[in-house]
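Comments concern the structure below.
The values are calculated or read from the model by the stated rules, or taken from the named source; none is laboratory data. Every value quoted in this text rests on a predicted model; they were computed, and no experiment measured them. Reconstructed Cβ throughout: ideal geometry from the backbone, glycine too, with neighbour counts over all protein chains shown.
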Amino acid sequence: MLVNIMVEAVGEAIDSVLSVYNCCKCDKCRMDIMALALNRLPPRYAVRTSGAALTRFTLSREQEKAEVITAIVQAVEVISQNPRHNDSPIKG
């Protein structure tokens, strides 16, 4: 199975980042934060041949982990100022 391990990396890190911020943590805002963070990060594709987690192996460098955290923090700041949880249409 082909996977973008950045999705897993963001998913693993988002709770620790959100615990620091006084922001909305509803499902819609959480997914918006994840989507924006992932759009700021380069994709890292890998082939998964078993159920083993690839994230810890591939994102072993501290710099890579810091990039994931930074992208999430930036996304929290943007989404906190423009939440969509009230079901309003996206303004563009």
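Give the residue that is modelled with the highest pLDDT, with candidates limited to residues of the range 19-53 that are over 11 Å from the mean Cα position of the chain (by Cα) and aliphatic (A, V, I, L, M). In this case the residue turns out to be Val20. Given the criteria among the charged types (D, E, K, R), assigned to a helix (DSSP H, G or I) and modelled with pLDDT of 95 or more, does Arg56 qualify? So Arg56 does not fit the description; no.
Of the numbered criteria (1) touching a helix residue (DSSP H, G or I) at 6+ places or on another chain (Cβ under 9 Å); (2) modelled with pLDDT under 95, the one Gly92 fails is (1). Would you say Met6 is closer than 15 Å to Ile79 by Cβ and assigned to a helix (DSSP H, G or I)? For Met6, the condition - closer than 15 Å to Ile79 by Cβ and assigned to a helix (DSSP H, G or I) - is not met.
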